[in-house]
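All remarks here apply to the structure that follows.
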Amino acid sequence: MIPDKIRHKDIDDEKLQRLVEAALFIADKPLSVQLLKRDFLIEYRVSNLRIRDIIITIQADYKGRGVELNKVASGYRFQTPSELSEDLAHLYQEKAPKYSRAILETLALIAYKQPITRGEIEDIRGVAVSSQIIKTLTERNWIKTVGQKEVPGRPVLYASTQEFLDYFSLTSLDQLPALMPMTDIAN
């Protein structure tokens, strides 16, 4: 809530664009229009629509360059285009963690079948899901508990998070690749 003493100032498009661009560059996470307005533009009189228009302008300015402004599930962020990733990979000192097949299978089942219980995951995979797998996915903030199933024992229901979508540069679950039919997998 804005204190009554703060008076909103007008801002021209050039300064607004510079502020939004700078905020997106320095942020350590994607920023939504609402976050930009609340955290970086609080003292200015600016509508959500105007911020979106500025974002579209910035996206156009960066199209085809070494970084692009992309929309992910929780907002907008600058990132390198995927076609440059192979050439830039040697710059990363930190190697991406390797995830076991069990973790990736569990994550895929949660993403595609959510909300889902641990027992349902085990039924589909045909093996037990260790507590460490759930712990790893939860610590990574890729899954969360979203309730309990209304059956005896009331098992926990799991679903994917915004951070999961952000990590894989998705804006929604609709962008997940289509599942192959089981008959194709068997051949």
Quiz item: Which distance in nm do the two modelled labels at GLU122 and ASP87 give, with both placed 7 Å along the Cα-to-Cβ direction?
Solution: 5.0
Quiz item: Could the peptides 134-141, 105-112 be put in order, highest first, of the mean number of other beta-carbon atoms found within 10 Å of their residues?
Solution: 105-112, 134-141
Self-check item: Mean residue ellipticity (222 nm) of the chain, computed from DSSP H runs ≥ 4 via -39,500 (n - 2.57), nearest 500
Solution: -11500 deg cm²/dmol
Exercise. Could you state the accessible area per residue of the chain in Å², with a 1.4 Å probe and every protein chain left in place?
Key: 68
Quiz item: In region 1-80, what trypsin sites (Lys or Arg not before Pro) fall in a loop by DSSP, with at most 12 other Cβ atoms inside 10 Å?
Solution: LYS5, ARG7, ARG45, LYS63, ARG65
Practice problem: Could you please state how large a percent of the accessible area of region 103-187 is carbon and sulfur, counting protein chains only and using a 1.4 Å probe? | Solution: 56
Exercise. With r as the distance between the Cβ atoms of THR171 and ILE26 and R0 = 30 Å, compute the FRET efficiency 1/(1 + (r/R0)^6) and round to 0.05.
Key: 0.85
Quiz item: Can you tell which of LEU176, VAL151, TYR99 lies farthest toward the positive end of the dipole of region 89-182, using +1 and -1 charges on the Cβ of basic and acidic side chains (Lys, Arg; Asp, Glu)?
Solution: TYR99
Quiz item: Only one of the listed values, (i) -0.40, -0.49, -0.58; (ii) -0.33, -0.41, -0.49; (iii) -0.59, -0.69, -0.78, was derived from the coordinates as log10 I(q)/I(0) by the Debye sum over Cα atoms at q = 0.10, 0.11, 0.12 Å⁻¹; which label is it?
Solution: (iii)
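The values are calculated or read from the model by the stated rules, or taken from the named source; none is laboratory data. No experiment lies behind these values; they were computed from the predicted model shown. All Cβ positions, even for glycine, are placed from backbone atoms using ideal geometry, and neighbour counts span all protein chains on display. Side chains included, ligands, DNA and RNA excluded: accessible areas come from the protein's heavy atoms. Shrake-Rupley method; radii C 1.70, N 1.55, O 1.52, S 1.80 Å.
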